[in-house]
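A.B. asks: What follows is a single structure, and I will ask about it in a moment.
No value in this document is a laboratory result; all are computed from the given coordinates. From a predicted model like this one, the values you see are computed outputs, not experimental measurements. Here the Cβ positions follow ideal geometry from the backbone for every residue, glycine too, while neighbour counts run over all protein chains shown.
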Amino acid sequence: MTTERFEGLSQRLLRAGIAPRHVKRLVAEIEAHFADLVAELRSAGLSQAESESQAAVRLGTEEVLIANILAHPELRSWARQRPWLAFVLLPLLALAVQFVLSMLAAVGVIVFSTQVLGITSLHPGPVPWVVRGLQAYGVWIAPVAAAGAACFLAVRSGAPIIWPIVGCTLVALLGAATNASFEWSPAGPRGVLSGGIGLHFPDLGLTSSLRTILTILTVLIPVLWLRRRRRELSSLP
Amino acid sequence: MSGIPELLVLRLLSRQEMYGYELARAIRESTRQAISLGEGVLYPALHAMESRGFVKTRRRTVSGRTRVYYAITSGGNRRLGELSGEWRRIAGGVRALLEGT
């Protein structure tokens with residue numbers, strides 16, 4: 001557990017993008033070192049206050065410690081070392097995976113309902129609502145979830161804002177260009193399932209423009225506010 | 001001069017495994033206090049060396065306190081050889097200059 005003396009160091013290192021596992025161990029080791037120095041100086045006859053003061057000098061000031069830690073780029077979190085991967089490529093991949101999974105889930109719900117539960121398209125019960133919900137998730141919510149997770153990670157790791165903005169914009173554009181539809185027509189005893197997934201790019205239509213703007217606003221406004229708030233808090237004495 | 005902490009740490013760890021405070025004390029004693037590092041500087045250097053595979057760590061509880069012990073790896077031994085050779089070349093050059101040969 002980090003004592004108050006080193007809590008500030010821990011917070012500043014995390015904000016500077018040092019990987020949490022390194023921060024935790026570095027601070028614990030520096031803290032143990034400080035305790036050893038104090039014990040050594042105490043055994044040499046110094047008072048507790050003098051020992052702590054000299055131990056702090058021998059360890060180095062917080063500024064010196066931070067400068068030395070930041071001089072080792074390999075100690076940064078993977079997201080800070082490869083921001084293009086963490087905040088651009090992975091959100092795009094996350095969007096694609098969510099979209100495909102939600103569509104597969106929609107197909108799975110219909111197949112399960114007809115094959116196992118014996119539900120037909122003439123008396124479908126809640127099945128169309130569940131399918132529409134999954135479609136809506138894939139089309140409307142998945143882009144917000146993918147872009148939002150990337151932006152939250154970026155704010156948490158103190159990454160330059162340009163990467164999550166690029167990632168969020170690309171996710172919003174790709175999400176808006178993607179469409180899915182399912183038709184469960186009452187032909188045949190159990191109905192016929194037809195479906196389609198489409199990618200229309202660039203799509204400058206009203207709906208896709210609205211979806212792009214909605215994703216960007218839903219994600220970026222809270223993220224920019226959160227980032228500003230964190231900066232204000234970190235600048236407090 | 002930037003490789004000095006790495007050289008000192010690897011040389012000391014090639015003798016035995018140590019934890020950070022022991023290392024700092026060993027550096028002070030074995031260089032007859034000629035080299036004075038901010039002792040906190042050791043830890044980022046140790047973590048970086050671990051990331052590059054030059055040292056490995058294990059936790060040991062001694063007198064109720066958990067210590068992170070560092071030990072040199074075979075990659076660390078090779079790195080020590082390189083740094084030692086480099087340092088000898090530099091020291092030899094400076095010595096030659098000072099002695100005017």
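A.B. asks: Helix B:4-13: angle to the longest alpha-carbon principal axis of chain B, degrees 0 to 90, nearest 10?
C.D. replies: Approximately 60 degrees, to the nearest ten.
A.B. asks: Taking the alpha-carbon centroid of each part, what is the distance from segment B:1-41 to segment B:51-66 in angstrom?
C.D. replies: 16 Å
A.B. asks: If packing is taken as the mean number of other Cβ atoms within 10 Å per residue, what is the order of B:5-15, B:79-89, highest first? Provide the component values of the computation, followed by the final result.
C.D. replies: Numbers: B:5-15: 19.3, B:79-89: 13.7.
Final packing ranking: B:5-15, B:79-89.
A.B. asks: What percent do you get for the relative contact order of chain B when only Cα pairs under 8 Å and 6+ apart count? Could you put the intermediate results ahead of the total?
C.D. replies: Values: 88 pairs, mean separation 30.3, N = 101.
Reported as a whole number, the value is 30 percent.
A.B. asks: Let me ask you something else. Please determine, in degrees from 0 to 90 and to the nearest 10, the orientation of helix A:90-115 with respect to the longest principal axis defined by the Cα atoms of chain A, where the helix direction is its Cα long axis.
C.D. replies: Its long axis makes an angle of about 40 degrees.
A.B. asks: Now, a different point. Please determine, in degrees from 0 to 90 and to the nearest 10, the orientation of helix B:74-99 with respect to the longest principal axis defined by the Cα atoms of chain B, where the helix direction is its Cα long axis.
C.D. replies: For helix B:74-99, the angle is close to 30 degrees.
A.B. asks: For segment A:78-234, count all C-alpha to C-alpha pairs, find those more than 26 Å apart, and express that count as a whole percent of the total.
C.D. replies: Values: 4710 of 12246 pairs.
Of the Cα pairs, 38 percent sit more than 26 Å apart.
A.B. asks: Over chain A, what is the mean sequence separation of C-alpha contacts under 8 Å (at least six apart), divided by residue count, expressed as relative contact order in percent?
C.D. replies: Numbers: 256 pairs, mean separation 43.2, N = 237.
This gives 18 percent for chain A.
A.B. asks: Kindly state, as a whole number, the per residue volume in cubic angstrom of the convex hull around the alpha carbon atoms of the protein assembly as shown.
C.D. replies: Values: hull volume 79.7 nm³, N = 338.
Convex hull of Cα atoms, per residue: 236 Å³.
A.B. asks: If you don't mind, there's one more thing I want to ask. Can you compute the modelled spin-label distance between A:Ala35 and A:Leu104, with each label point 7 Å from Cα toward Cβ, in nm?
C.D. replies: Distance between label points: 4.9 nm.
A.B. asks: With each label point set 7 Å from Cα along the Cα-Cβ vector, what nm distance links B:Arg59 and B:Arg32?
C.D. replies: Taking the two extended label points, one gets 4.1 nm.
A.B. asks: Sticking with this structure for a sec: How much length is gained on full extension from A:Leu224 to A:Ser43, taking 0.36 nm per residue of separation minus their Cα-Cα distance? Don't skip to the end; give the middle numbers.
C.D. replies: Numbers: separation 181, 0.36 × 181 = 65.16 nm, distance 5.20 nm.
Roughly 60.0 nm would be gained on extension.
A.B. asks: Calculate, for A:Ser181 and B:Arg52, the FRET efficiency according to 1/(1 + (r/R0)^6) with r their C-beta to C-beta distance and R0 56 Å; round to the nearest 0.05. Before the final figure, lay out the partial values.
C.D. replies: On the way: r = 53 Å, r/R0 = 0.94.
Calculated value: 0.60.
A.B. asks: Ok, one more. Averaged over B:41-54, how many beta carbons belonging to a partner chain fall within 10 Å of each residue's beta carbon? If you can, show how the numbers build up before the last one.
C.D. replies: Numbers: counts 8, 6, 13, 15, 4, 3, 11, 7, 2, 4, 6, 2, 0, 0.
What the average comes to for B:41-54 is 6.
A.B. asks: Taking chain A as a Gaussian network, Cα atoms linked when under 10 Å apart, which of A:Phe99, A:Phe182, A:Phe112 shows the biggest mean-square fluctuation?
C.D. replies: So, out of A:Phe99, A:Phe182, A:Phe112, the one fluctuating most is A:Phe112.
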